[in-house]
Amino acid sequence: RTSLDVAAVRAQFPILHTQVHGRPLVYLDSAASTQQPLTVIEAVSTYHRAQHANIHRGVYELSQTATRLYEEARATVARFLNAAEPAECLFTRGATESINLVASTWGRANLKPGDEILLSTLEHHSNIVPWQMVAQATGARIRVMPINDAGEILMDEYRRLLSPRTRLVAVNQVSNALGTINPVREIIIDAHAVGALVLIDGAQWVAHGRTDVQALDADFYAFSGHKLYGPTGIGVLYGKRPLLDAMPPYQGGGDMIEQVTFELTTYAPLPGKFEAGTPNISGAVGLAAAIDWVESIGLERIGAHEQDLLRYATERMSAIPGLTIKGTAQRKSGVLSWVMVDPPIATLDLGTQLDLRGICIRTGHHCCQPLMDRFGVTSTARASMGVYNNRDDIDRLAEALAECVADARRSSAVLPGAGAVA
Ligand code: PMP
C-alpha cells in the first residue's frame, strides 16, 4: 500500500504523543497548520541558542552566520520550487502577505478601470480580499470562474471568461475547503494566451507534491511555512525576475534601500527591495529545515501515502449514515469536508464532540464563504491529512462520528420532531 514508515515519521513529532482531554491526540487539521518534526524544532532552537544576530551589514562573525543561514534558506526555497535563482524567492509572513504584496504593488501599478482579475469560486479569502481592495482602488473588476457540484473548476467557462481585458488570474493549486487539485498548468497556458499573468496560491499544495514553478510557468507563486511542517510567520512569494524588478516596493524601511536622502530614495535590488525591516530570520531557518525534512522523505512518497489514506477515509466516512461529503473532485488532496444531514448535527457541535475525544478537525466556513454559498451551506466539518496520519486516526474519527450519529438519533427520539430542525 505504501512505502512510507508512518510509525517512524510519527516518532519525530513530539506533539503527536501528547493527550487532549485525557485522550491520545488525533490530529486531522493539517490543512490549517501542520505540526513540526524535531529537526525543525531543533533548527529553530539552535538558531536562538547559538546563531542569532541581526542580518546583513554586520561586520562581526555572528551576524555573518545569521546572514548566511537566512540566505541559505532562500537558496533552499529556490531549489524546492525550482526557481531560476534565489533572488526570485521573497520571504514574507505567509501566503496571505505574499498575495497582498502582489495585489498592492503589481496591482496598483498596473491595473486600470476596465481591467479584469479572474478568481475561482474555490478561493480562500486571502486570495479574494486583496484583489477586491486593489479593484476598489484602481477601478478594475473581479470576475469568477464557476465550479461544478463536485467542486471542480469549469474549464470551458474559464476560457469564456478570459479576454484581452484579463490582466491577472489568481487561483489556488489545491482548495483548502474541499481538497480539489486544480489543473493549474492548463489554467496558466490559457491565461498566457490572452496576455494575462497568473498567481498560484500554493498554500495547500507544497506539502503534498513536487512544485516546479518553471515547468508550470507561474508568474507568481505563494505559500506558507506552517503548512509545510515549518514555523508560523514565514512564507514565500516567488515571482519571475522581470516582473519583480518592474514592481514598486511593498513596504519602505531598512534593508530595502540603496541610497536614502530626504529628497529621494533608490531601492535595493532583489530580493532586498521587497524585504523591508528585520525579517523572521529563525522562521526562514525553520522553513529550510522543514523543506530538507520533507525532501528527505520524498514528496511523491508523502503524496502517495496521503492518497491511500484519503481513499480509506472516503470509504469509512461514506459508510456513516446521514453524512454527506462536499467536494468529490476526480483529483483531490487529503481533505474531507462533510455535513451531517440526517439526523442534522451542527458542525460546531460535531467539532466539540470530537475534541472531547481528542480529535482535532476544523469546522466552519474555512475562510471560503463564497464557496460555502455555492454549496448552499454555511459551514462544513473538515478533516485534513498530513504525512503523519495513519489508518488508526481515520478509524478513531469514523468511530467517533458513528457515536455522534447514534447520540443524535437518541436525542431526536426523545424530542419528537427535533430531527426535522435543520
Ligand atoms: N490560501 C489557502 C488555499 C489557504 O488554505 C490558506 C490558509 N488556510 C491561505 C491561503 C492563507 O495562508 P496563511 O494564513 O498562512 O497566510
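The values are calculated or read from the model by the stated rules, or taken from the named source; none is laboratory data. Please read all numbers here as calculations on a predicted model, not as lab measurements. With ideal geometry, Cβ positions are generated from the backbone for all residues, glycine too; neighbour counts draw on all protein chains shown.
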Being of a type in the set (A, V, I, L, M, F, W, C) and more than 27 Å from His208 (Cα to Cα) is the requirement here; does Leu111 meet it? yes
Return a yes/no flag: does the stretch 283-292 have any residue that is within 30 Å of Gly239 (Cβ to Cβ), assigned by TED's automatic domain parsing to the domain that holds Asn54 and surrounded by fewer than 21 Cβ atoms within 10 Å (Cβ to Cβ). yes
Of the residues that make up the stretch 195-212, is at least one free of Cβ contacts under 8 Å to residues at least 40 places away in the same chain, more than 30 Å from Ala381 (Cα to Cα) and in contact with a helix residue (DSSP H, G or I) (Cβ under 6 Å, 6 or more places away or on another chain)? yes
Name the residues in the stretch 325-359 that are of a type in the set (Ser, Thr, Tyr), surrounded by 16 or more Cβ atoms within 10 Å (Cβ to Cβ) and either at pLDDT below 95 or not in a loop (DSSP other than H, G, I, E, B) (or both), would you? Ser337, Thr347
Determine the pairs where a residue that is hydroxyl-bearing (Ser, Thr, Tyr), located within the stretch 169-189, has a partner that is within 12 Å of the ligand (Cβ to nearest atom) with Cβ atoms under 8 Å apart, the partner being 6 or more residues away or on another chain. Ser175/Leu122; Ser175/Asn182; Ser175/Gln204; Ser175/Val335; Ser175/Cys368; Ser175/Leu371; Thr180/Leu122; Thr180/Val174
Is it fair to say Arg74 is in the same structural domain as Gly233 (by TED's automatic domain parsing), touching a helix residue (DSSP H, G or I) at 6+ places or on another chain (Cβ under 9 Å) and not in a helix (DSSP H, G or I)? no
Qualifying positions in the stretch 364-404 - of a type in the set (Phe, Trp, Tyr) and closer than 18 Å to Thr34 by Cα: Tyr388
Of all residues in the stretch 70-120 being of a type in the set (Phe, Trp, Tyr) and either within 16 Å of the ligand (Cβ to nearest atom) or within 30 Å of Gly327 (Cα to Cα) (or both), the one that is surrounded by the fewest Cβ atoms within 10 Å (Cβ to Cβ): Phe91
Would you confirm whether any residue within the stretch 304-320 is at pLDDT 95 or above, β-branched (Val, Ile, Thr) and either assigned by TED's automatic domain parsing to the domain that holds Val405 or within 20 Å of Ile55 (Cβ to Cβ) (or both)? yes
Of the candidates Leu309, Leu287, the one satisfying the condition of being part of a helix (DSSP H, G or I), in contact (Cβ under 8 Å) with a residue 40 or more places away in the chain and under 19 Å from Leu4 (Cβ atoms) is Leu309
Ala406 - would you say it is outside any helix (DSSP H, G or I), out of contact with any Pro (no Cβ under 8 Å at 6 or more places or on another chain) and of a type in the set (A, V, I, L, M)? no
Suppose we filter the stretch 53-63 for residues that are exposed (fewer than 15 other Cβ atoms within 10 Å of the Cβ) and modelled with pLDDT of 95 or more; how many remain? 4
I'd like to check something: does the stretch 27-38 contain any residue that is closer than 30 Å to Cys367 by Cβ, of a type in the set (Val, Ile, Thr) and within 16 Å of the ligand (Cβ to nearest atom)? yes
Residue in the stretch 9-26 that is among the aliphatic types (A, V, I, L, M), exposed (fewer than 14 other Cβ atoms within 10 Å of the Cβ) and assigned to a loop (DSSP other than H, G, I, E, B) present: no
Sole miss for Asp212 among (1) out of contact with any strand residue (DSSP E or B) (no Cβ under 7 Å at 6 or more places or on another chain); (2) over 30 Å from Gly286 (Cβ atoms) is condition (2)
Check the stretch 271-281 and report whether any residue there is more than 16 Å from the ligand (Cβ to nearest atom), closer than 19 Å to Arg68 by Cα, at pLDDT below 95 and buried (at least 18 other Cβ atoms within 10 Å of the Cβ). no
